[in-house]
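Accompanying notes for the structure given below.
The values are calculated or read from the model by the stated rules, or taken from the named source; none is laboratory data. Values in this document were obtained by computation on a predicted structure and should not be read as measured data. Cβ placement follows ideal geometry from the backbone for every residue including glycine, while neighbour counts extend to all protein chains displayed.
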Amino acid sequence: MEKRPERRPLVAAALALGLAAAAPAAAQDCRIALALAIDVSSSVDAAEYRLQAGGLAAALRDAQVAAAFLAVPGQVVELTIFEWSGRRQQATALDWTTIASADDLYDVAARLEAWPRAFARHATAIGEAMLYGAEALAGRPDCPERIIDVSGDGETNDGISPLVARQSPLLEGVTVNGLVIGVTRRILRRHYEAFVIHGPGAFVEMADDHGDFSRAMRRKLIRELQPRAISMAD
């Protein structure tokens, strides 16, 4: 009787190919963990809130912003977004999300547009917002650069002082940047520069009003997400 050819090597090869196809893609390294803190205190009315939410969504869909998020091949940005107001009013709108493509940013923008405002009638507790962001960042020790991005249209009038918050061990190694909004932005910028921003290269961006929020947010995201050498040169 004629002997049939040995088939085991072929089966093994097919099985190996199947397992390789089923294996997950290699995880990408995190280069930045970014926590965006959005002011929803009582000084932000309903129309201004819509401008903020729509402005942030538009900024995340911007091609230059996407290029900044994706500036380093093989490395990703981890993004979380929360709304803040008084000392006990902080709510996460977007839990930690990996941004590895422009599609990821479009998905985040769509989710934000569907997110209902968390608070509307509370004070302005910037220090508490900073600590809330720092606690979120503590869960991302794998990211070598960690940034809190605080936007707001008023000075602190509730909770601990931002100056005290900056002394917290939770903010060690964390950069805090600011985005100030409105007609008092130049005065508010001095408040942020003196009490809020923290860490090497920290800066304050300014928006003329809530309608200008999208432009200012785009500019700020591009600056803070650039690779460090380029960012420091700017």
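For the reader, a short list of remarks on this structure follows.
- The set of residues in segment 188-205 that are β-branched (Val, Ile, Thr) and under 13 Å from Gly154 (Cβ atoms) contains only Val196.
- Beta carbons closer than 7 Å, at least 6 apart along the sequence or on distinct chains, pair a first residue in segment 182-201 that is buried (at least 19 other Cβ atoms within 10 Å of the Cβ) with a second that is among the aromatic types (Phe, Trp, Tyr) and assigned to a loop (DSSP other than H, G, I, E, B) for Ile197/Phe203.
- Members of segment 118-135 that are under 12 Å from Trp84 (Cβ atoms), touching a helix residue (DSSP H, G or I) at 6+ places or on another chain (Cβ under 7 Å) and of a type outside the set (Gly, Ala, Ser): Ile126, Met130, Leu131
- Among the numbered conditions (1) modelled with pLDDT of 95 or more; (2) within 15 Å of Ala35 (Cα to Cα), the only one that Ala125 does not meet is (2).
- Residue within segment 26-42 that is at pLDDT 95 or above, among the aliphatic types (A, V, I, L, M) and in a loop (DSSP other than H, G, I, E, B) present: yes
- Apart from one condition, Leu51 fits all of (1) within 13 Å of the chain's Cα centre (by Cα); (2) part of a helix (DSSP H, G or I); the exception is (1).
- The one condition from (1) surrounded by fewer than 17 Cβ atoms within 10 Å (Cβ to Cβ); (2) touching a helix residue (DSSP H, G or I) at 6+ places or on another chain (Cβ under 9 Å) that Gln75 does not meet is (2).
- Selection count, segment 108-132, where residues are touching a strand residue (DSSP E or B) at 6+ places or on another chain (Cβ under 8 Å) and either assigned to a helix (DSSP H, G or I) or not hydrophobic (A, V, I, L, M, F, W, C) (or both): 10
- Candidates Ala58, Ala53, Ala109, Ala93: the one that is touching a residue at least 40 places away in the same chain (Cβ under 8 Å) and touching a Ser or Thr at 6+ places or on another chain (Cβ under 6 Å) is Ala58.
- Any chance Arg166 is among the basic types (Lys, Arg) and touching an Asp or Glu at 6+ places or on another chain (Cβ under 9 Å): no
- Subset of segment 150-159 (residues that are buried (at least 17 other Cβ atoms within 10 Å of the Cβ), part of a loop (DSSP other than H, G, I, E, B) and not acidic (Asp, Glu)): Gly154, Thr156, Gly159
- For segment 187-194, the condition holds for no residue, the condition being that it is of a type in the set (D, E, K, R), within 25 Å of Val44 (Cα to Cα), part of a loop (DSSP other than H, G, I, E, B) and modelled with pLDDT of 95 or more.
- Selection of segment 106-142 for residues being touching a Lys or Arg at 6+ places or on another chain (Cβ under 7 Å) and surrounded by 20 or more Cβ atoms within 10 Å (Cβ to Cβ) yields Ala125, Glu128, Leu137.
- Being small (Gly, Ala, Ser) and surrounded by fewer than 20 Cβ atoms within 10 Å (Cβ to Cβ) is a property that does not hold for Ala207.
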